[in-house]
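Here's the structure we're looking at; comments come further down.
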Amino acid sequence: MSVILGLATMSNSAAALFKDGKLVAAIEEERLTRVKNDGAFPHQAIAEVLRIAGLKFSDIDEVAVYWQPWRMVGRGMGTMRKILQRPSAAKSVTARIGALFVSDASSDESQDSGWMDLFRIRKILTAVHGPADFKLHYINHHLTHQLYAEAMRDWDSFVSLSYDGGGEESSTIVSVVRNGKREGLADHRWPNSLGHFYSTFTGFLGFKMLEGEYKMMGLAPYGKPIYRDAILREILILDDDGGYRVNTALCDYHSALRGEFHPRMEELFGTRREPGTAPNERHVDLAASVQAAFEAALHHILEPVRNANPDLRKLVISGGCALNVTANGTLIADGTFDEVIIPPAPHDAGCAVGAALACIPSEQVDLPSVRSPYQGADWADADITAALDQYCAEPQQALPVDQFLDRVSDLLAEGKIIAWFQGRAEFGPRALGARSFLADPRKDSIRDDLNVKIKKREHFRPFAPSVAEEAASTFFEIDQTSPYMNIVARVRDDRAADIPAITHTDQTARVHTVSQSANPLYHALLTRFGEKTGVPVLLNTSFNIQEPIVYSPLDACATFAASGVDALVIGDYVVLREALKDDSARAQAVA
């Protein structure tokens, strides 16, 4: 038996466990600690993947980590250049370095794991989980991104792009894989980072950096990209042959983390938005401009690769920037590539899987297990009924599957909002039909109900659709599958009126295609709903309220009770709000 543990130990920390080449489980630490984007050392995630596998820590043969921490020369030189260009940035850079290198073990609150922890992996692991005799591997950060993403398809030849805030020395890597052989074509070095560029403007626009980027992306379609040229002239400079530079003297990521911005930023783009205030027209136009500049840079990076390799029409995207679903969609819409795939967890959490994959011969990898986004625990009926007994006044009745599907599809067609908890939890930031709030996309007003009563989020953020895979091209301008909800596509003109609740202001949607093989129960619900309404599409948003997506039955019951959702569908049970014990709490949640 061969057991390999993969680890992502800082931002979006996670653990993944392979047994004999099969991915048994992969968990983000945040799902268990209930701390959003938890970057603490993933002790709870490690314990959980071992529990799911029925193994002990001493059974582990190899541990693979998603960084090579000794490769810091490029980062160090980039840091010195930043300080020389702008001495006032030294304080911000020093503070960030301190946070990365030192974790505060004395604090009772969850703390991000420090960079130095990477050198102490064996000691940290054995101190908490007990002794084990394992080989320890440190894998190149961008390679871990790429290996996980590339496992999503049986392609022999393709282009592979990994880009994020930054790896050991690089922030953007472009490779070509031909018949299994990898060739690096472009290596963009930190601090020239598209991730840091986008995050800096996220902070300038009043959103929380490293968390609110998707809010800026959702705001962008409401504006006009009037500052695009100014950004590309002074901030994000596109060089010849697909190169780019970020003017870090103006666009200083580390200062932005402290809420400090160069005066030239306000000279160019007006007063920055204070958090919690309504964005004005200038802010909205700036969001549109940042998105447009980001897309221009993405196409600029890939253009020489496409020109030099015209036969390669398939693209794999990984890294945190792969979560820019709008940019992903443009690569298909304009014909740059025929097909694009992004994994369920393209951000750093997914590197836990990629690190382990680097230690397994490719012919020994069980690819179907890696491609499944459903990597968390699958809870037994006893766990579900125990949780329901805590929250419900009376025991709930399990329904046979056909009656169950009829009941749930009827509730949805009646305009009810349901919380859907089924099977194994998703790995990654997307709700893919295991931990979701679901609603009828035909009712435009349901977006307000979700935003005000349940999700408590900004009105400009769109909701995504799940659609039965065979019907996707009927409703959306997309000629490929999108199983992990990472591609934006235009809603077809003749269908936009049928699904207004998931159609964004620019007539696009972040599409999730659902196949019968990937998720039989969810596909059956979409099909049954389509039979009754003519629309095999559901509004699908993550099952959470200002917290990580729910993981356990108790999480599901607690969030359901605190929400204004009409019903909880968990396992074989359809639980109406009236079944909850505490009437006063229920009334308060609805109000």
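The values are calculated or read from the model by the stated rules, or taken from the named source; none is laboratory data. Here the structure is a predicted model, which is why all the values come from computation and not from measurement. FYI the Cβ positions are ideal-geometry reconstructions off the backbone, even for glycines, and counts take in every protein chain you see. Just the protein is used for accessible areas: all its heavy atoms, side chains included, with ligands, DNA and RNA removed. Shrake-Rupley method; radii C 1.70, N 1.55, O 1.52, S 1.80 Å.
Rounded to the nearest 10 square angstrom, MET209 shows an accessible area of 20 square angstrom against a 1.4 Å probe.
Bridgeable lysines around LYS416 (alpha carbons under 30 Å apart, same-chain partners fewer than 8 residues away excluded): LYS36, LYS215, LYS443, LYS453, LYS455, LYS456, LYS532, LYS581. Estimated at 0.36 nm per residue, the fully extended path between ALA333 and GLU260 surpasses their Cα-Cα distance by 22.6 nm. When all protein chains stay in place and ligands, DNA and RNA are ignored, the 1.4 Å accessible-area order of GLU267, GLU168, largest first, is GLU267, GLU168. When Rg and the Kirkwood radius Rh are both evaluated on Cα atoms of the stretch 451-541, their ratio Rg/Rh stands at 0.95. Carbon-plus-sulfur accessible fraction, the stretch 303-392 (probe radius 1.4 Å, protein heavy atoms only): 51%. Partners of LYS181 within straight-line reach, counting lysines whose Cα lies under 28 Å from its Cα and excluding those fewer than 8 residues away in the same chain: LYS19, LYS22, LYS135, LYS314.
Solvent-accessible surface (1.4 Å probe) assigned to ARG490 amounts to roughly 90 Å². For the chain, the Cβ-based charge dipole about the Cα centre amounts to some 1280 debye (Lys, Arg positive; Asp, Glu negative; other atoms uncharged). Protection proxy ranking for 218-229, 395-406, 47-58, using the average of other Cβ atoms within 10 Å per residue and placing the highest first: 218-229, 47-58, 395-406. Between SER517 and ARG182, the contour length at 0.36 nm per residue exceeds the alpha carbon distance by 117.5 nm. Take every DSSP beta bridge whose two residues both sit in the chain; close to 70 percent of them are antiparallel.
Ordering of 142-149, 3-10, 156-163 by packing is 142-149, 3-10, 156-163, highest average first (other Cβ atoms within 10 Å, averaged per residue). Electrostatic bookkeeping for ALA434 treats Lys and Arg as +1 and Asp and Glu as -1; over the other residues with beta carbon under 9 Å from its beta carbon, the sum is +1.
Debye-formula intensities of the stretch 382-530, expressed as log10 I(q)/I(0) at q = 0.09, 0.12, 0.16, 0.19 Å⁻¹, are -0.30, -0.53, -0.94, -1.30 (one equal scatterer per alpha-carbon, no solvent). Across GLU363, GLU234, the residue with the most accessible area heads the list, and the full order at a 1.4 Å probe is GLU363, GLU234.
Per residue, the accessible area of the chain comes to 38 Å², computed with a 1.4 Å probe over protein heavy atoms only. Full extension of the chain between VAL401 and VAL35 gives 128.3 nm of extra length, using 0.36 nm per residue less the Cα-Cα distance. With every protein chain in place and a 1.4 angstrom probe, the accessible-area ranking of MET265, MET1, MET116, largest first, reads MET1, MET116, MET265. In whole angstrom, the chain maps to an equivalent ellipsoid with semi-axes of 36, 29, 25, each derived as √(5λ) from the alpha carbon gyration tensor and ordered largest first.
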